[in-house]
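J.: Sharing a structure with you now.
The values are calculated or read from the model by the stated rules, or taken from the named source; none is laboratory data. Treat the numbers as computed from the prediction; the structure is a model and nothing was measured. Using ideal geometry, Cβ is built from the backbone for each residue, glycine included, and neighbour counts are taken over all protein chains shown.
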Amino acid sequence: MNWRSTQDRYSSASIGMHWLMLMLIAAVYACIELRGNFPKGSDIREGLKTWHFMLGIGVLVLVAIRVLLRLGDRTPPIQPAPPRWQSRLSKVMHYALYGLMIGMPLLGWLTLSGEGKQIPFFGMHLPSIIGESKSIADWCKEIHEAGGTIGYFLIGAHAAAALYHHYFLRDNTLDRMLPIQRR
């Protein structure tokens, strides 16, 4: 198990965090999408919303750890090296994804705080980060919902780019992040 990235692959910790974050973000989206299948006020609908809140804050906690991991390690180079425009676009995409992983939970927390609701987190209640304010809550909720839609496109584009690099360009972009090393 490599705790540091090598010339060919990300570290085991970075790979594990990447795929854990994917599963967690998929669960966040699933909870909020599935809630629409149940009547308003029903226990299942309220439970899905609570899980959406808790898992969303979980994303914020894990992305903080992920940023620390990323700052303390190097990025294995893509071989063969992509054109400069692709490298720049990749950086923009990664910044956008990190913005999503940080901004969306914060907007959700601000929304609940502004609505005067409790912020559940696995048996605890986190403090409000702003006072009760319907106008701020509505504004944050609107941005949060738009961000959720944008997130679908960012995540889809990220996955599509990895598959494009793997199957069409045949470089090591995807191989660097796969949990199991191919020989």
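J.: Looking at Leu110, Leu48, can you tell me which residue is surrounded by 15 or more Cβ atoms within 10 Å (Cβ to Cβ) and touching a Leu at 6+ places or on another chain (Cβ under 7 Å)?
T.: The unique qualifying residue is Leu48.
J.: Looking only at the range 46-57, which residues are under 15 Å from the mean Cα position of the chain (by Cα) and in contact (Cβ under 8 Å) with a residue 60 or more places away in the chain?
T.: Across the range 46-57, the qualifying residues are Phe53, Met54, Ile57.
J.: Tell me, which residue of the range 60-87 that is without any contact (Cβ under 8 Å) to a residue 24 or more places away in the chain and part of a helix (DSSP H, G or I) is farthest from His165 (Cα to Cα)?
T.: Going through the qualifying residues, I end up with Val61.
J.: Something else about it: For Ser90, which of the numbered conditions (1) touching a residue at least 24 places away in the same chain (Cβ under 8 Å); (2) of a type outside the set (A, V, I, L, M, F, W, C); (3) in a loop (DSSP other than H, G, I, E, B) fails to hold?
T.: Answer for Ser90: the failing condition is (3).
J.: Return yes when Ala146 is among the aliphatic types (A, V, I, L, M), surrounded by 17 or more Cβ atoms within 10 Å (Cβ to Cβ) and over 19 Å from Arg66 (Cβ atoms) and no when it is not.
T.: Criteria not met by Ala146.
J.: Looking for something modelled with pLDDT of 95 or more, closer than 17 Å to Lys49 by Cβ and of a type in the set (D, E, K, R) - is there at least one such residue anywhere in the range 115-126?
T.: Looking through the range 115-126, at least one residue is modelled with pLDDT of 95 or more, closer than 17 Å to Lys49 by Cβ and of a type in the set (D, E, K, R).
J.: Looking only at the range 23-45, filter to residues that are in contact (Cβ under 8 Å) with a residue 24 or more places away in the chain and of a type in the set (A, V, I, L, M, F, W, C); which one of those is surrounded by the most Cβ atoms within 10 Å (Cβ to Cβ)?
T.: The selected residue is Val28.
J.: Residue under question is Ala161, and the condition is that it be closer than 26 Å to Gln7 by Cβ and exposed (fewer than 11 other Cβ atoms within 10 Å of the Cβ); does it hold?
T.: When the stated conditions are applied, Ala161 does not pass them.
J.: Give me the residue from the range 126-178 that is under 18 Å from Ile25 (Cα atoms) and among the aromatic types (Phe, Trp, Tyr) and, out of that set, nearest to the chain's Cα centre (by Cα).
T.: That would be Tyr152.
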